[in-house]
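The values are calculated or read from the model by the stated rules, or taken from the named source; none is laboratory data. Since the model is a prediction, treat every value here as computed from it, not as a measurement. Quick reminder, even Gly has a Cβ in these numbers, built from the backbone with ideal geometry, and neighbours come from all protein chains shown.
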Amino acid sequence: MTGVIASLVGLVIAGLSARSALSESDLDSRVLQFLKQARGSWTGWNVPYEDGRILYGLVLRGNYRNILEIGTSTGFSTIWLAWAASKTGGKVITIEIDQERLRIARENFRKAGVAHLIDARLGDAHEKIPALKGPYDFVFSDADKNWYHRYFQDLEAKMSLNGCFTAHNVLWENDPGIRSFLDYVRKDPKFRTTIDKGSGEGISISYKIAD
């Protein structure tokens with residue numbers, strides 16, 4: 001009798017595992033289909049497809065779970081981050097100042113099947129970021145470029161060791177905000193920074209190597 005019960009339990013566990021795997025596969029298919037269909041139609045300061053894929057890979061490689069995004073727009077980058085978070089057991093907090101853009105983003109999250117992985121907040125990141133407690137192990141900054149420096153300063157102590165702070169559009173060489181940010185972060189001894197050209201916009205990747 002004990003052997004029979006054990007076998008039944010094993011079958012139940014196997015069935016649950018199969019359903020879980022199928023669920024993950026279904027999510028992958030749904031997200032990928034949404035991203036591919038929307039690839040050529042994104043507007044409103046969303047990241048290019050190629051850059052979204054870079055963010056996705058960074059989160060997976062670092063097994064990051066506590067993810068923060070500054071600047072949602074209508075949600076393209078957020079969906080990439082949330083898709084990666086579905087595999088690491090994480091979630092994404094994203095902050096957007098424009099109510100209409102955030103409304104569209106939330107609808108896109110629903111269509112892509114990742115809304116349950118995203119805490120989308122309406123507000124001014126200048127005010128919200130300093131008030132956040134953290135810790136965060138992955139940050140993506142894609143808001144006002146003249147505030148990148150401040151966002152990094154507000155968050156560097158709240159980053160986990162080996163965490164990663166990324167920022168978009170860092171190849172805008174003539175932008176004074178970008179230049180100030182890169183100058184600061186490259187000199188910070190607690191972080192090691194490289195740049196991935198990606199789509200040509202550029203993503204800075206800063207790993208926290210010391211507390």
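Does at least one position in region 99-108 carry a residue that is without any contact (Cβ under 8 Å) to a residue 60 or more places away in the chain, of a type in the set (Gly, Ala, Ser) and assigned to a helix (DSSP H, G or I)? Scanning region 99-108 turns up at least one residue that is without any contact (Cβ under 8 Å) to a residue 60 or more places away in the chain, of a type in the set (Gly, Ala, Ser) and assigned to a helix (DSSP H, G or I). Within region 46-69, the set of residues being touching a residue at least 40 places away in the same chain (Cβ under 8 Å), more than 17 Å from ILE93 (Cβ to Cβ) and either assigned to a loop (DSSP other than H, G, I, E, B) or among the acidic types (Asp, Glu) (or both) comprises VAL47, PRO48, GLU50, ASP51. Here ALA157 passes the criteria (1) in contact (Cβ under 8 Å) with a residue 24 or more places away in the chain; (2) on the phi < 0 side of the Ramachandran plot; (3) of a type outside the set (Lys, Arg) except the one numbered (1). Among the residues of region 121-135, which ones are of a type outside the set (Val, Ile, Thr) and out of contact with any Lys or Arg (no Cβ under 6 Å at 6 or more places or on another chain)? Scanning region 121-135 gives ARG121, LEU122, GLY123, ASP124, ALA125, HIS126, GLU127, LYS128, PRO130, ALA131, LEU132, LYS133.
If you go through region 122-150 and keep only what is assigned to a helix (DSSP H, G or I), closer than 18 Å to SER180 by Cα and touching a helix residue (DSSP H, G or I) at 6+ places or on another chain (Cβ under 6 Å), you end up with LYS145, ASN146, TYR148, HIS149.
Candidates in region 159-211 are the residues that are β-branched (Val, Ile, Thr) and either in contact with a Cys (Cβ under 9 Å, 6 or more places away or on another chain) or within 14 Å of LEU58 (Cβ to Cβ) (or both); of these, the one that is surrounded by the fewest Cβ atoms within 10 Å (Cβ to Cβ) is THR194.
Taking first residues from region 134-151 that are of a type in the set (S, T, N, Q) and partners that are modelled with pLDDT of 95 or more, the Cβ contacts under 6 Å between residues at least 6 apart in sequence or on separate chains come to SER141/ILE70; SER141/TYR148; SER141/TYR151; SER141/ALA167; ASN146/GLY177.
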